[in-house]
Amino acid sequence: MRLVLTENLTPEMTLARNVYKMGCVYLKAGQRNISKYSERLKDLGVDYVYIHDEASEGIEIPEVVSEGTRHKCQDVLRETFTTIENNSPIDVNMFKTPVNTLMNEIMYNNDVQVSLTDISSMDEYTFGHSVSTAVYSLIIGQELKLPKEQLQELAMGAILHDVGKVRLDSRVLFKETKLTDAEFEQIRKHPEYSFEILKYCRNLSNDAKMISFTHHERLDGTGYPRHLKGDQLPLFSRIVAVADVYDALSTNRCYRNAWPVNKVVDFLTKLSGTELDNEMVAALIKKVAIFPNGTEVKLSDGSFALVVSQNAQMPFRPVVRVIRDADMMPIRPYTIDLIKDLNITIVASQMELEMEEEDQKKIVI
Ligand SMILES: [Fe+2]
């Protein structure tokens, strides 16, 4: 299995993981000749899909959370957004079972490096992002050895952190071009809207509610809405801030493409200790696969390879399968364990090479 840019799909590729649209399976895993759906996938905002082909045979991409659990959480969230839109009171108890399942899977898969790449359609962005933010928050919380009750509160708050976005104008939220100052101001209102929605919720702790209000605050006071600083930032908001930025950058947005994990990690490292809490950044980086299985990378000898498996002690040097030479021509595949062959390094992920320069300059909100 491997991850391929939608525009690079070829007829001999078979879809390896479902593609969802509005909570329903849009294309089912096992679909052959997936390239005939390229245009439709691009229209949906799905820029990458997981496929099976000969070159990636035998490569497995383990996940910390199953597809079923992710989608169960997204379904409950979708229902909650509809309830809020109808001005009805929300019932956070609905999240208890799916959030517990999420927690249990993350605890059970403690030794699995995260290689989550959400391939939901663009209209599902907020739901996919909220669930991923909860997943990354739990991974950080687990690294910090938080007790189970606290992890549960953290996950509930993280999954609901952006509910206030329901009150934003979707034309602004999904705008593909640069936002005006007034539009920026509107977006920056969502933490307050989220808190207004959650503040009277029963069965949600105060710490969990505060996540919605404080997840865009930054350690150095450059965040919003209150420009809190240092010790004023609660533990949960420090955790969710890192999880939120990590997912925002590593997923496709309407205004820019996803960044490859190694670039996201570089970016987080730059913000670590200034805007973001270095303990939380270190906890997450430790658990993510810098070059996830099934992604294509360029090696220092000019050839191209697929990542086969991870070397947890050296995340920058996984086991790779070389599939194309420096002229991009297919070759008879061979395997290199980069932990043993220290003369060769990964110089870039294919995703990084595909990233347009403009995308690299765009800043996250
Ligand atoms: Fe947010």
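Read the figures in this text as sums done on the coordinates, not as results from a lab. Not measured: the values here are computed from a predicted model. When we count neighbours, we look across all protein chains shown, and the Cβ atoms used for this are built from the backbone with ideal geometry, even at glycine.
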Fill in the blank from the handout: The answer for Ser309, listing residues at least 5 apart or on another chain whose modeled amide H is closer than 5 Å to its amide H, is Val319
Fill in the blank from the handout: Simple spin-label estimate for Lys199/Asp327, 7 Å along Cα→Cβ, in nm, reads 6.8
Handout entry: Karplus (6.51, -1.76, 1.60) ³J(HN,Hα), θ = phi - 60°, over segment 279-286, in Hz, Gly and Pro reported as x
Key = 5, 6, 4, 4, 4, 6, 4, 4
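Given the peptides 97-108, 341-352, 44-55, 168-179, arrange them by the average over their residues of other C-beta atoms within 10 Å, most packed first. Show your work: numbers first, answer last.
On the way: 97-108: 18.0, 341-352: 15.8, 44-55: 19.8, 168-179: 12.4.
Final packing ranking: 44-55, 97-108, 341-352, 168-179.
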Problem - Expected 222 nm ellipticity per residue - DSSP helices of 4 or more, -39500 (n - 2.57), all of the chain, to 500 - result: -12000 deg cm²/dmol
Problem - 15 Å cut-off, amide nitrogen to a point 7 angstrom out along Asp301 Cα→Cβ, residues in segment 337-354 - result: 337-347
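Work out, step by step, the length gained on full extension between Leu5 and Leu235: first 0.36 nm times the residue separation, then minus their alpha carbon distance; give nm to one decimal.
On the way: separation 230, 0.36 × 230 = 82.80 nm, distance 3.72 nm.
Roughly 79.1 nm would be gained on extension.
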Exercise for the section: Please tell me which of these pairs span more than 32 angstrom C-alpha to C-alpha: Lys28/Lys199; Lys42/Lys209; Lys229/Lys286; Lys145/Lys175; Lys72/Lys175; Lys178/Lys263? Expected result: Lys28/Lys199; Lys42/Lys209; Lys145/Lys175
Practice task
Compute the acute angle (0 to 90°) between the alpha-carbon long axis of helix 235-250 and the principal axis of greatest extent of the alpha-carbon atoms of the chain; round to the nearest 10°.
Solution key: 40
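At a Förster radius of 51 Å, what calculated FRET efficiency corresponds to the Cβ-Cβ distance of Asp207 and Asn33, to the nearest 0.05? Working shown, then result.
Working: r = 50 Å, r/R0 = 0.98.
E between Asp207 and Asn33, to the nearest 0.05, is 0.50.
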Handout entry: Spin-label pair Met314/Ala282, simplified geometry with 7 Å Cα→Cβ offset, distance in nm
Key = 2.3
Exercise for the section: Can you tell me the 0 to 90 degree angle between the C-alpha axis of helix 125-143 and the longest principal axis of the chain, rounded to 10? Expected result: 90
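Between Arg167 and Asp111, how high is the FRET efficiency from 1/(1 + (r/R0)^6) when r is the Cβ-Cβ distance and R₀ = 35 Å? Nearest 0.05.
The computed FRET efficiency comes out at 0.30.
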Fill in the blank from the handout: Protection proxy (average C-beta count within 10 Å per residue), highest first, orders 334-340, 280-286 as 280-286, 334-340
